[in-house]
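**Student:** Let me give you the structure first, and then I'll get to my questions.
Read the figures in this text as sums done on the coordinates, not as results from a lab. What you see is a predicted model, and the numbers here were worked out from it, not measured in a lab. Here the Cβ positions follow ideal geometry from the backbone for every residue, glycine too, while neighbour counts run over all protein chains shown.
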Amino acid sequence: MIRPLVTHPDSRLRLPSRPVARFDQSLRDLVADMVDTMHDADGIGLAAVQIGVHLQVAVMEVGDRPLRVLVNPQYDALGEPMTLEEGCLSLPGVRERSKTRVDWVRVRAMDLDGNPLEFEAEGLEAACVQHECDHIRGRLYIDHLSAVRRQRLLRRYEAGRRR
Ligand SMILES: [Zn+2]
């Protein structure tokens, strides 16, 4: 089921998410809704907080990489900063080029059954992991931009929302 997206400046995006403790049907239903919502919005990643659920869950589908379901994810940065144009389904209509993500991470998470999951991600998929882990902590990619660039982007965003 496609769920409504929570968009900036909704304060729910700023609340940290709780770790998942129960790996039950309600978690499976949540993940199915997140995948539907991500696909409907043509996104490559979505965190549960973006549909208003404060649990540490993210889904990602980047290019030819497999669909990933990350429960309670963490990562170690292994690579170097890379330049990237980043956007977010919670700030529709704007994107910004920046050098705030590293190009290689090791991810540790759990799968839908609570089994440990570990993999390495590179490039855009690595950036997506960092972006979704930010959401889980109540952060947005615009927080990493300089104040001047953030204000410029938010002016464009507000102008787009009024249209
Ligand atoms: Zn996002």
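**Student:** Could you give every pair whose Cβ atoms fall below 8 Å, whose first residue belongs to region 127-146 and is free of Cβ contacts under 8 Å to residues at least 12 places away in the same chain, and whose second residue is within 11 Å of the ligand (Cβ to nearest atom), counting only separations of at least 6 or pairs across chains?
**Tutor:** Note: pairs meeting the criteria are 134/140; 134/141; 143/134.
**Student:** If you don't mind, there's one more thing I want to ask. Hey, can you tell me all the residues within region 88-120 that are within 26 Å of residue 54 (Cβ to Cβ), among the small types (Gly, Ala, Ser) and touching a residue at least 40 places away in the same chain (Cβ under 8 Å)?
**Tutor:** The answer is 90, 93, 114.
**Student:** So, in region 134-154, how many residues would count as being within 11 Å of the ligand (Cβ to nearest atom) and not basic (Lys, Arg)?
**Tutor:** Number satisfying all stated conditions: 6.
**Student:** Taking residue 132 and the conditions (1) within 13 Å of residue 60 (Cβ to Cβ); (2) among the charged types (D, E, K, R); (3) exposed (fewer than 14 other Cβ atoms within 10 Å of the Cβ), which numbered condition does it fall short on, given that it satisfies the others?
**Tutor:** (3)
**Student:** Give the residues of region 21-34 that are surrounded by 15 or more Cβ atoms within 10 Å (Cβ to Cβ) and part of a helix (DSSP H, G or I), sorted by residue number.
**Tutor:** 27, 30, 31, 33, 34, listed by residue number.
**Student:** Quick check: is even one residue across region 85-100 among the β-branched types (Val, Ile, Thr), within 14 Å of the ligand (Cβ to nearest atom), in contact with a Phe, Trp or Tyr (Cβ under 8 Å, 6 or more places away or on another chain) and in a strand (DSSP E or B)?
**Tutor:** Yes, region 85-100 contains at least one residue that is among the β-branched types (Val, Ile, Thr), within 14 Å of the ligand (Cβ to nearest atom), in contact with a Phe, Trp or Tyr (Cβ under 8 Å, 6 or more places away or on another chain) and in a strand (DSSP E or B).
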